[in-house]
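As structure tokens, the structure follows; a few thoughts come after it.
What follows draws every value from the coordinates through simple rules; no lab data is involved. Model, not experiment: these values are computed from the prediction. Glycine also receives a Cβ, built like all others from the backbone with ideal geometry; neighbour counts cover every protein chain displayed.
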Amino acid sequence: MAQLDVYANPIRAARLAYPYVVALQSQLADVGRERIVAPLAPRESIAALAGRLTPLVRLGDAEYVVIVPALAGLPDKDLHEGAGSLAGYRSEPLAAIDYLFFGV
């Protein structure tokens, strides 16, 4: 499991609003049985929310908003339906995390 890999949201009840989650935790911090993730919401469902804390990314043919303020820990065993990677967008979610926690 690599940082910025995207998975189908394992919480079925939340998949309509947030179809995917992105792993934000570094592989260097590979401890325990959970991974820190942020949900991805389709851009058209919350377009007004996109901003510094909620970067816009493209996955396949669609645009999504990474909801960094909604970070959560999910069991790594539940993150098995891979859907791609946001490695090309590395700076955007990391800048949002810096802003959320450190105000920079």
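Points worth noting:
- Taking label positions 7 Å along the Cα-Cβ direction at both Ala14 and Leu28, the computed distance is 2.7 nm, reported to one decimal.
- Full-stretch length increase - Leu49, Leu100 - with 0.36 nm per residue and alpha-carbon distance subtracted: 16.9 nm
- Derived scalar couplings between HN and Hα for region 83-97 equal 10, x, 9, 10, 4, x, 10, 3, 5, 5, x, 5, 5, 5, 5 Hz in order, rounded to whole Hz, by the Karplus curve 6.51 cos²θ - 1.76 cosθ + 1.60 (θ = phi - 60°), x for Gly and Pro.
- Computed over the chain, the P(r) tail beyond 21 angstrom holds 27 percent of alpha carbon pairs.
- Local net charge near Ala17, Cβ-Cβ under 14 Å (Lys/Arg +1, Asp/Glu -1): +2
- Helix-only arithmetic for the chain: the sum of -39500 (n - 2.57) across DSSP H runs with n ≥ 4, divided by the residue total, places the mean residue ellipticity at 222 nm at -3500 deg cm²/dmol.
- In order along region 28-37, the phi-based Karplus estimate (6.51 cos²θ - 1.76 cosθ + 1.60, θ = phi - 60°) of 3J(HN,Hα) comes to 5, 9, 7, 10, x, 10, 10, 10, 7, 10 Hz; Gly and Pro are listed as x.
- Gln3 long-range amide H proximity, modeled H, under 5 Å: Gln27
- The share of alpha-carbon pairs in region 47-104 lying farther apart than 13 Å comes to 66%.
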